[in-house]
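To start, the structure under review is shown below, and the notes come after it.
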Protein chains: 2
Amino acid sequence: MYRAPVEEIAHTLKKIAGLDEAIAAGRFADLSDDLVDAILEEAGKFASTRVAPLLEVGDKHGTPLKDAEVTMPPGWKDVYNEWIGGGWNALTGKEEFGGQGLPMMLAVAALEMWNSGSMAFGIGPTLTLGAIEALEAHATDDLKHTYLPKLVSGEWMGTMNLTEPQAGSDVGALRSRAERADDGTYRIFGQKIFITYGEHDLTDNIIHLVLARLPDAPQGTKGISLFLVPKFLVNADGSLGARNDVFCSGVEHKMGIHGSPTCTMIYGDGFAKDAKPGAIGWLIGEENRGLACMFTMMNNARLAVGIQGVAVAEAAYQKSLAYAQERRQMRAPGWTGEGMSPIIEHPDVQRNLLTMKGLTGAARSIAYACAHALDMARTGAGDDKKHWADRANLLTPVAKAFSTDVGVDVASIGIQIHGGMGFIEETGAAQFLRDARIAPIYEGTNGIQAIDLVQRKLPLDGGNHVKDYIAELRTIGEAVSLSNSAGFGQTAARLQAGFDDLEAATLWLQKTLADGDVSNVLAGATPYLRLFGLAAGASYLAKGALGADNAGRTTLARFFAENLLNETSALKDRVVNGAPSLLGARAALQ
Amino acid sequence: MYRAPVEEIAHTLKKIAGLDEAIAAGRFADLSDDLVDAILEEAGKFASTRVAPLLEVGDKHGTPLKDAEVTMPPGWKDVYNEWIGGGWNALTGKEEFGGQGLPMMLAVAALEMWNSGSMAFGIGPTLTLGAIEALEAHATDDLKHTYLPKLVSGEWMGTMNLTEPQAGSDVGALRSRAERADDGTYRIFGQKIFITYGEHDLTDNIIHLVLARLPDAPQGTKGISLFLVPKFLVNADGSLGARNDVFCSGVEHKMGIHGSPTCTMIYGDGFAKDAKPGAIGWLIGEENRGLACMFTMMNNARLAVGIQGVAVAEAAYQKSLAYAQERRQMRAPGWTGEGMSPIIEHPDVQRNLLTMKGLTGAARSIAYACAHALDMARTGAGDDKKHWADRANLLTPVAKAFSTDVGVDVASIGIQIHGGMGFIEETGAAQFLRDARIAPIYEGTNGIQAIDLVQRKLPLDGGNHVKDYIAELRTIGEAVSLSNSAGFGQTAARLQAGFDDLEAATLWLQKTLADGDVSNVLAGATPYLRLFGLAAGASYLAKGALGADNAGRTTLARFFAENLLNETSALKDRVVNGAPSLLGARAALQ
């Protein structure tokens, strides 16, 4: 069973991702080191003892739909109520609406733990958080006061309604429509698919944020507006009123995260007897500016999904480590104990475990560094704010895609370590892979993230932001070199080679993009993102190993630098030299 | 729905793996090119129209157990009967027992097609084939005449019973026991787990081959004997007699291949009222020499599992390609059509599809080349026989492990191409990953295969066999270079770099092993096997592209050489330089 790695998480926050410096610089008012530790400790306890037991029951029971109502798995509602009772939903909300106003760094650390316990449980509140952010940034005061207190507390949950059958990655292709009503509200009509937690019985009300088009809207992404559509209308006194005309017509049968209801939602079909046709909605932000509002929540949702990759990887690693320590097969070289050795003594199993742990730590560091940048941007001003906003923008696609690829890879290695038992569902190793497999897809496929990185993020600040970032990474390599610690082995030299590859690929992409050669840039997007993640992750692991009492971290950083980071040369080669053979190979695809 | 790629399979057999030369050299009596084509065509038709429709129903229904009896999914028995009626089970069996005596190359080609249709269906007859081989090689004439005709025809099926809870990869740790009876038969007692097709209703009888220990047997692998234990005893006239004391006590709930019953088998527990305690068994081969008999069937089973990796990869590729041609999202650069472009026009999707197709073709070539070596060894004599036996031994672990890793990777990419639909079970993309995930585990985990390769296969023929093999691969690179075909781009140079990496890693491993430094060899086993697979696969794809009318194959071989093969430099580095940081990192594993 999962045990939250509180110490490792705290170390990553403070020593790698920048929390120590941010606190020292007075960025977070009264946040003290002790408070951070206390929050992490409590979150860890809750995740390990209350959330983790939901994992298997969620997988087995799923979320059956009957008469447009979804029943959540046994025990989930109790844990959810306990969870919001502990104030965990309110970590980052604004204080005026009952939130605790804590940094995003703490929120993602806690989020990692919920998702390690159960990814299907963790994803629900992530959507609520997105709704809160969109309302805080763009809603009228009236809407804020009606909805935010209950969303922040978690008494109600929120959803994001983007996808339609013909509009997945391409949001601009959506067709749901909104009509203006005489009273300033709107009537929403259309079908949305893949709506996470679109319907469930955890809360009395569900607040849907829905993208739709007004009749006179321009085509494409510039004609999309965002609406708030509650499941139950809210009376003036805050009590629940009539059922709104939004209903769940189907729940998907998925490969994993069975405890998370993935719903088809029908707006404005007059489904229920007591609901008038047309779902009543309220505009968020301005007409036809819905996509900008949605991006507010999508960016953070991308980071949150990246955290899911880290979370599942951590849980899979823990289970595999425990199994490898217990399971005995054959005698490893040098084994002097009686009988068969635990399989962890076999070098090949060690390679697997070290790969799992190294990739998990690297992905965690990148994701936390992204959260740090968001916090710094939120608390900064002027050039400083701009710098950190750029940093968050740069790291978001990497935090999303690299981490979720890691989640899948690590979960798959975990199955392998379990041998035949890994394929048996009761063991639980297989569920991690089944759960993790969605994360590279939702909130923008990893291919989309890679394209975002090379097309929109490399040009930030005239192309200088990423160069400065690489220069920062290089200072870590130099610190490793100066540390003179024998435990690092060839780490410094390996880091330098990785940075050289990253820099060469970056410059090539920037130049090729400037030349207008878009296809060549897109052809290298995915290898580039992985190259970026490996180089950044390797240097973060090394950074975390600098200083005293870090023998275990030093050996892990070294393993990563000497065994995993060397992939960068092939990745750079794919970026710089791979396009001709790719773009010319369309004929082979038949 | 899967359509057997008959032309591609024929091309790989004839032009890459050596079937043309073997036929020309008269190795296969009256086998003609026309007959090969006719067999492949018919197998392809059966796999596409009869086996493939079993895929989804097998996944949904699974193989429920009730009162020690397993019910197969609806429709499976009919297809199985049709399949054996077509003579497909008898392809390779000896003619004296009703077999067609055809080369292993044709058998694996057909096996690929059955497994592409449904891996859960394809695995059953693979086990029967293993039992046939063990009996042909080691059983008494009496046993042969009683069992082989019905196993060869497929009227009965066979199983392999190795694994016990404490004895997985380490077969020597098994505890099932056998007692000598007065009539020359034996009584078998014990529990076996993970027995594929251990119980089912496809056939009237099931012939179990079971490893067990005699009371006076030495410990470890030298004290294991092999026994034939039929589900129903066979009367002198060939009719079925009493129920034997072997029963299925459980069927595993697995991640995938739900149509394949994975059984716990209880021997000698007196489970049934009419069965006397002690399962009646007959010795195969000599007492305490059971492992040698078992290896006869295990080697071929390893190749067969490798074929499963190829098969699922092919099916996943076909589904993804069809989806990518149909699904429209956004406008790819250069797209001049109306509205959104098919996603296959996006370079990142092309990279995914080309990677799928390239890896699939590479794995297929290696597996078929391994089958070719088996055929050459079987039909050869003296040094020639020895040479080809060594070749089969060298390629078997690569054919098993590289291909099954490819199966998992390609199936996972296939899900990604489908976006959100890939995570929905109805689409079928997810099932390929769930099915494929067992193949790197069973018949010896891929870690075991890698260890086998570096410890037992690199030393073959005093270390010269692998060197000669690499020299053969180099001639393909030279032929590409001499072809002067512009379509190959940098293929020749890339191949040479890959061979250099393979050679350097090989020499380092051979020397390190000779120095007795086993841990360092084992630490590099898995990266080495992948390096071997990439270099061999790349050169086979290039070989298949030499000659006229191969534009599509040339562009694919080039893509592989310029975008995938470059991984070899990092892999070589892990082999040659990776061990210190790995073996020193035990402290990080906690």
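The values are calculated or read from the model by the stated rules, or taken from the named source; none is laboratory data. What you see is a predicted model, and the numbers here were worked out from it, not measured in a lab. Reconstructed Cβ throughout: ideal geometry from the backbone, glycine too, with neighbour counts over all protein chains shown. What goes into the accessible areas is simple: the full protein's heavy atoms, side chains included, and nothing from ligands, DNA or RNA. Shrake-Rupley method; radii C 1.70, N 1.55, O 1.52, S 1.80 Å.
Here's the yes/no breakdown for (1) open to solvent by 30 Å² or more (accessible area, probe 1.4 Å); (2) assigned by TED's automatic domain parsing to the domain that holds A:H253; (3) modelled with pLDDT of 95 or more; (4) under 23 Å from the mean Cα position of the chain (by Cα):
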| position | (1), (2), (3), (4) |
| --- | --- |
| A:A22 | no, no, yes, yes |
| A:K45 | yes, no, yes, yes |
| A:E69 | yes, yes, yes, no |
| A:P74 | yes, yes, yes, no |
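Scanning segment B:193-249 for residues that are within 14 Å of chain A (Cβ to nearest Cβ), within 27 Å of B:S260 (Cα to Cα) and β-branched (V, I, T) yields B:I193, B:I195, B:T196.
One residue alone among B:I417, B:I413 is under 21 Å from A:I413 (Cα atoms) and not small (G, A, S), and that residue is B:I413. Among the residues making up segment B:150-184, those that are open to solvent by 10 Å² or more (accessible area, probe 1.4 Å) and more than 14 Å from every other protein chain (Cβ to nearest Cβ) are B:K150, B:S153, B:E155, B:R177, B:E179, B:R180, B:A181, B:D182, B:D183, B:G184. Residues of segment B:560-583 that are more than 7 Å from every other protein chain (Cβ to nearest Cβ) and buried (at least 22 other Cβ atoms within 10 Å of the Cβ): B:F560, B:A561, B:L564, B:L565, B:T568, B:L571, B:K572, B:V575, B:A579.
Of the residues making up segment B:456-469, none is surrounded by 21 or more Cβ atoms within 10 Å (Cβ to Cβ) and under 15 Å from the mean Cα position of the chain (by Cα).
In this structure, does B:I476 turn out to be open to solvent by less than 10 Å² (accessible area, probe 1.4 Å) and more than 14 Å from chain A (Cβ to nearest Cβ)? Criteria not met by B:I476. Got at least one residue in segment B:366-387 being within 14 Å of chain A (Cβ to nearest Cβ) and either modelled with pLDDT of 95 or more or under 24 Å from B:S539 (Cα atoms) (or both)? No - not one qualifying residue is present in segment B:366-387.
Open to solvent by less than 10 Å² (accessible area, probe 1.4 Å), within 30 Å of A:D435 (Cβ to Cβ), polar (S, T, N, Q) and within 14 Å of another protein chain (Cβ to nearest Cβ) - does that describe any residue in segment A:300-310? Looking through segment A:300-310, at least one residue is open to solvent by less than 10 Å² (accessible area, probe 1.4 Å), within 30 Å of A:D435 (Cβ to Cβ), polar (S, T, N, Q) and within 14 Å of another protein chain (Cβ to nearest Cβ). The criterion of at least 2 residues that are open to solvent by 30 Å² or more (accessible area, probe 1.4 Å), closer than 12 Å to A:A279 by Cβ and assigned by TED's automatic domain parsing to the domain that holds A:R180 is met, among strands (runs of 3 or more DSSP E) falling completely within segment A:206-249, by A:232-234, A:240-243.
Identify the single condition in (1) surrounded by 14 or more Cβ atoms within 10 Å (Cβ to Cβ); (2) closer than 24 Å to B:F432 by Cβ that B:A17 does not satisfy, given that it satisfies every other one. Answer for B:A17: the failing condition is (2).
Evaluate segment B:534-546: report whether one residue or more is in a helix (DSSP H, G or I), open to solvent by 30 Å² or more (accessible area, probe 1.4 Å), within 19 Å of B:Y469 (Cα to Cα) and more than 9 Å from every other protein chain (Cβ to nearest Cβ). Yes: segment B:534-546 contains one or more residues that are in a helix (DSSP H, G or I), open to solvent by 30 Å² or more (accessible area, probe 1.4 Å), within 19 Å of B:Y469 (Cα to Cα) and more than 9 Å from every other protein chain (Cβ to nearest Cβ).
Here B:N484 passes the criteria (1) in contact (Cβ under 8 Å) with a residue 40 or more places away in the chain; (2) on the phi > 0 side of the Ramachandran plot; (3) more than 10 Å from chain A (Cβ to nearest Cβ); (4) not β-branched (V, I, T) except the one numbered (1). Scanning segment A:92-118 for residues that are aliphatic (A, V, I, L, M) and surrounded by 22 or more Cβ atoms within 10 Å (Cβ to Cβ) yields A:M104, A:M105, A:L106, A:A107, A:V108, A:A109, A:A110, A:L111, A:M113.
Residues checked against (1) within 11 Å of chain A (Cβ to nearest Cβ); (2) among the charged types (D, E, K, R); (3) closer than 20 Å to B:V310 by Cβ:
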position	(1), (2), (3)
B:V349	yes, no, no
B:T355	yes, no, yes
B:R391	no, yes, yes
B:D409	yes, yes, yes
B:P440	yes, no, yes
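The condition of being buried (at least 18 other Cβ atoms within 10 Å of the Cβ) and either in the same structural domain as B:F189 (by TED's automatic domain parsing) or touching a His at 6+ places or on another chain (Cβ under 6 Å) (or both) holds for only one of B:G270, B:G256, that being B:G256.
Residue-wise test of (1) among the β-branched types (V, I, T); (2) farther than 30 Å from A:I132 by Cβ.
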residue	(1), (2)
A:A301	no, no
A:G306	no, no
A:G309	no, no
A:Y317	no, yes
A:E326	no, yes
A:G334	no, yes
A:G339	no, yes
A:T355	yes, yes
A:G358	no, yes
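Can you find even one residue in segment B:509-527 that is crowded, with 21+ Cβ neighbours inside 10 Å and more than 14 Å from chain A (Cβ to nearest Cβ)? No; the residues of segment B:509-527 include none that is crowded, with 21+ Cβ neighbours inside 10 Å and more than 14 Å from chain A (Cβ to nearest Cβ).
Taking the stated definitions as given, is B:T336 part of a helix (DSSP H, G or I), more than 10 Å from chain A (Cβ to nearest Cβ) and within 22 Å of A:A585 (Cβ to Cβ)? No. Residues in segment A:276-288 that are closer than 16 Å to A:G190 by Cβ, modelled with pLDDT under 95 and open to solvent by 10 Å² or more (accessible area, probe 1.4 Å): A:P277 only.
Quick grid of which residues meet (1) closer than 22 Å to A:A363 by Cα; (2) among the basic types (K, R):
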position: A:A4; (1), (2): yes, no
position: A:K15; (1), (2): yes, yes
position: A:I23; (1), (2): no, no
position: A:R27; (1), (2): no, yes
position: A:D37; (1), (2): yes, no
position: A:L40; (1), (2): yes, no
position: A:K45; (1), (2): no, yes
position: A:V51; (1), (2): no, no
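Residue check: is A:L321 within 14 Å of chain B (Cβ to nearest Cβ) and either under 19 Å from the mean Cα position of the chain (by Cα) or surrounded by fewer than 24 Cβ atoms within 10 Å (Cβ to Cβ) (or both)? Yes: the conditions hold for A:L321. Among the conditions (1) open to solvent by 40 Å² or more (accessible area, probe 1.4 Å); (2) more than 8 Å from chain A (Cβ to nearest Cβ), the only one that B:A557 does not satisfy is (1).
All conditions but one from (1) open to solvent by less than 10 Å² (accessible area, probe 1.4 Å); (2) over 30 Å from A:L174 (Cα atoms); (3) in contact with an Asp or Glu (Cβ under 9 Å, 6 or more places away or on another chain) apply to B:A332; the one that does not is (2).
Entry remark, segment B:372-414: residues being over 21 Å from B:R530 (Cβ atoms) and buried (at least 23 other Cβ atoms within 10 Å of the Cβ) number 4 in total. Considering (1) open to solvent by 10 Å² or more (accessible area, probe 1.4 Å); (2) under 23 Å from A:S403 (Cβ atoms); (3) at the interface with chain B (Cβ under 8 Å from one of its Cβ atoms), the lone condition that A:A587 does not fulfil carries the number (2).
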